[in-house]
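**Student:** Sharing a structure with you now.
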Amino acid sequence: VGLADRGHDPTRVLSGGMQRRLNLACGIVHRPAFLLLDEPTVGVDLDSREHILGLVHRLRDAGSGIVYSTHYMEEAERVCDRVLLIDRGTVVADDTVEALIARGGSRPRLELTCRGRPPAVDCATIDGVREVPGSRGEGRLTLQMESLSQVPVVLEQVRAAGITVLDFTLHSPNLADAFRALTGRSLRDPGAA
């Protein structure tokens with residue numbers, strides 16, 4: 001768990017993240033065949049979080065069965081082979097990460113930060129590209145695509161429309177998108193789990 005250099009320190013002087021890692025070490029010292037981890041990274045620093053996630057990967061690869069409970073969807077994407085999405089105590093979906101993301105129906109998005117209010121862009125000329133309704137604002141424009149391979153063509157179309165792009169980000173569909181699509185709720189909605 002990355003604490004060998006702190007082996008002689010009393011537990012009380014360790015940070016919260018280090019204590020969490022020590023707790024996990026105590027739970028696996030006997031090499032259990034099965035682990036139940038309930039939000040093991042809540043409240044820990046980034047270094048401890050990466051150590052914990054790396055350990056979970058190594059344990060899984062070594063054949064341990066792991067049930068991993070978390071509200072952090074990107075963690076579930078990183079460490080889980082199969083995911084149960086639970087909303088208000090009800091299982092709304094149970095499948096592989098890839099299948100759940102596909103069921104969510106999201107497409108890659110290109111989120112542009114522009115100078116001024118962007119003029120209309122004729123994305124209809126590019127198959128599978130459309131403007132996300134309600135995404136246009138002062139200095140903002142979001143386009144949905146069928147594939148990330150369309151990004152260069154879309155950027156050229158945007159440039160040809162006279163839009164000065166200051167910055168852009170790509171958003172690939174993920175488990176959080178799937179949760180929103182399958183439950184109709186945001187992860188921040190009261191009662192979302």
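**Student:** Cα centroid distance between the stretch 10-25 and the stretch 35-80, in Å?
**Tutor:** 16 Å
**Student:** Next up: With unit charges on the beta carbons (Lys and Arg positive, Asp and Glu negative) and the dipole taken about the Cα centre of the chain, which residue among I101, S64, G137 sits farthest to the positive side?
**Tutor:** Positive-most Cα among the choices belongs to G137.
**Student:** Can I ask one more? Skip the ligands, DNA and RNA, and give the accessible area per residue of the chain with a 1.4 Å probe, whole Å².
**Tutor:** Numbers: 11130 Å² over 193 residues.
Roughly 58 Å² per residue, with all protein chains present.
**Student:** Where in the stretch 48-78 does the amide nitrogen come within less than 13 Å of the point 7 Å from the Cα of D38, taken along Cα to Cβ?
**Tutor:** Once the point is set 7 Å along Cα→Cβ of D38, 68-70 turn out to lie under 13 Å by backbone N, inside the stretch 48-78.
**Student:** Something else now. Which of these, I28, I86, I52, has the largest mean-square fluctuation under a Gaussian network model of the chain (Cα springs below 10 Å)?
**Tutor:** Taking springs between Cα atoms under 10 Å, the residue moving most is I28.
**Student:** Let me ask another. Of all accessible surface on the chain at a 1.4 Å probe, what whole percent is carbon and sulfur?
**Tutor:** That fraction is 52 percent.
**Student:** While we're looking at this one, here's another question. Picking from R12, R115, R49, which is most flexible by a Gaussian network model of the chain using Cα springs under 10 Å?
**Tutor:** Looking only at R12, R115, R49, the largest GNM fluctuation is found for R12.
**Student:** Using unit Cβ charges (K, R positive; D, E negative) and no other charged atoms, how large, in debye to the nearest 20, is the dipole of the stretch 1-46 about its Cα centre? If you can, show how the numbers build up before the last one.
**Tutor:** Numbers: 5 positive and 5 negative charges, 29 e Å.
The dipole of the stretch 1-46 has a size of about 140 debye.
**Student:** Give me the extension gain from E156 to V91: residue separation times 0.36 nm, minus the current Cα-Cα distance, reported in nm with one decimal.
**Tutor:** 19.1 nm
**Student:** So, in nm, how far is label A25 from label A102 when the simple model puts each one 7 Å beyond its Cα toward the Cβ?
**Tutor:** Placing both labels 7 Å beyond Cα along the Cβ direction yields 4.2 nm.
**Student:** Now a separate question. Explain nothing, just the number: dipole magnitude of the stretch 1-143 about its Cα centre with +1 on each Lys and Arg Cβ and -1 on each Asp and Glu Cβ, in debye rounded to the nearest 20. If you can, show how the numbers build up before the last one.
**Tutor:** On the way: 19 positive and 21 negative charges, 37 e Å.
Dipole of the stretch 1-143, to the nearest 20 debye: 180 debye.
**Student:** For the charge dipole of the chain, defined by +1 on Lys and Arg C-beta atoms and -1 on Asp and Glu C-beta atoms about the Cα centroid, which residue among G7, L112, I52 has the Cα displaced farthest towards the positive pole?
**Tutor:** G7
The values are calculated or read from the model by the stated rules, or taken from the named source; none is laboratory data. The structure presented is a predicted model; accordingly, all values stated were derived computationally and were not measured. Cβ atoms come from the backbone with ideal geometry, glycine included; neighbour counts cover every protein chain shown. Areas reflect the complete protein model, heavy atoms only, side chains present, ligands, DNA and RNA absent. Shrake-Rupley method; radii C 1.70, N 1.55, O 1.52, S 1.80 Å.
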